[in-house]
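Structure record follows, encoded as structure tokens.
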Amino acid sequence: MTDDAINLAVRDLVRAVMAMPPGSVRPADQMAPSGGQTTEIATVKIVSTSEIGHAALTQADAGDDTSTASVDQLDEVVASVQFYRSPAKDAAGKATYSNAAFDRAKRLGARLQLPSSVALMNDAGLGLLRVGPARNLSALADSIWESRGQIDITFNVSTIETEAVVTVTDVPVGIVFQPPGKAPLPPLSTEVTT
């Protein structure tokens, strides 16, 4: 899977697991929220990818004079998920401090353990390895409280690359014997088929 495909799969997973509305889970590093959903959003960023072990190489006969070579590489992928919530307001209409986004980040780790979440991950080709600690990143921005929570999730993902390989199946072999000091004997011909 490409990093873009993994990012999309993780975004779809977060949206489904946390029952968030469509368009509310977005790629990270955008200029500003887009679309109508601004009260609660989440972003996903693939922060690291590393290979686990050695790739498995297989080759299967595809018929005729071709075969299919495949390389199956298992990767460890870390996705950083950040939740943002619009601030709650007090009676005077002023923004108040809130841990709502931090609570969402904490709940995501637990909800990924549910059987329905495991089924979604299996369908997406994601294997849950680790859930990091949730972090409270709430801050005062332009005199308004911004509720923000973050969590890192580590998945394993299998990447398979394939190609067709032309193979030789019939090889003609000719053998000529020539005893020392004598004329060659008549050639012996055969064909080797694999």
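The values are calculated or read from the model by the stated rules, or taken from the named source; none is laboratory data. Worth saying up front: this structure is predicted, and the values here are computed from it rather than measured. Here the Cβ is made from the backbone with ideal geometry for all residues, glycine too, and neighbour counts use every protein chain on show.
Pairing residues of the stretch 116-131 that are under 12 Å from Ala79 (Cα atoms) with residues that are of a type outside the set (D, E, K, R) and surrounded by fewer than 17 Cβ atoms within 10 Å (Cβ to Cβ), at Cβ distances under 6 Å and at least 6 apart in sequence or on separate chains, gives Leu129/Thr154; Leu129/Asn156; Arg130/Thr154.
Condition check for Ser50 on (1) among the small types (Gly, Ala, Ser); (2) within 22 Å of Thr154 (Cα to Cα); (3) modelled with pLDDT under 75: one failure, at (3).
Working carefully through the options Thr167, Thr162, Thr154, find the one that is modelled with pLDDT of 90 or more and among the polar types (S, T, N, Q).
Thr154
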